[in-house]
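Notes follow the structure.
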Amino acid sequence: MTQVSQEDVAEAVKLKLPPRYNVILLNDDATPMEFVINILQTIFNKTTSEAEAVMLAVHEKGRGTAGTYSYEVAEQKCVETITDSRRNHYPLDVTLEKTE
């Protein structure tokens, strides 16, 4: 009988990390840039320069990544973003994309 070492067991028991999801902000013609920056700072904890960079990506490319999180956190940030946007009468929308 072959003896199994702790290293063999450790190798066999490597845990797979849960999938991560990008929260993507989508461009529209009605939501002000300042509001998008505020969302990025308050909900996604971005600095002013980070928020401006994401906002410019949304404005110029039609979409920008606000952050990457576990599914539950990403989903919650989507809900918070949409809730705040609708409360302020803006159509800002978000989507989730599973990372590779």
* Just a yes or no: is a residue in region 25-34 in contact with a helix residue (DSSP H, G or I) (Cβ under 8 Å, 6 or more places away or on another chain), surrounded by fewer than 16 Cβ atoms within 10 Å (Cβ to Cβ), of a type in the set (S, T, N, Q) and within 23 Å of residue 98 (Cα to Cα)? -> no
* Six or more apart or on different chains, Cβ under 6 Å: which pairs go from a residue in region 1-23 that's at pLDDT 85 or above and surrounded by 10 or more Cβ atoms within 10 Å (Cβ to Cβ) to one that's outside any loop (DSSP other than H, G, I, E, B) and acidic (Asp, Glu)? Could you list them? => 22/97
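Let's see how each residue does on (1) under 20 Å from residue 98 (Cβ atoms); (2) acidic (Asp, Glu); (3) in contact with a helix residue (DSSP H, G or I) (Cβ under 9 Å, 6 or more places away or on another chain):
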{"residue": "14", "(1), (2), (3)": "no, no, no"}
{"residue": "17", "(1), (2), (3)": "yes, no, no"}
{"residue": "23", "(1), (2), (3)": "yes, no, yes"}
{"residue": "48", "(1), (2), (3)": "no, no, yes"}
{"residue": "51", "(1), (2), (3)": "no, no, yes"}
{"residue": "54", "(1), (2), (3)": "yes, no, yes"}
{"residue": "62", "(1), (2), (3)": "yes, no, no"}
{"residue": "66", "(1), (2), (3)": "yes, no, yes"}
{"residue": "74", "(1), (2), (3)": "yes, no, no"}
* Filtered residue count, region 46-88, keeping only those that are in a helix (DSSP H, G or I) and modelled with pLDDT of 95 or more -> 30
* Asked: When you go through 48, 31 one by one, which is the residue that is out of contact with any strand residue (DSSP E or B) (no Cβ under 7 Å at 6 or more places or on another chain) and touching a residue at least 60 places away in the same chain (Cβ under 8 Å)?
  -> 31
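The values are calculated or read from the model by the stated rules, or taken from the named source; none is laboratory data. Keep in mind that what you see is a predicted model, and the values were worked out from it rather than measured. Heads up, the Cβs are rebuilt from the backbone with ideal geometry, glycines too, and the neighbour counts pull from every protein chain shown.
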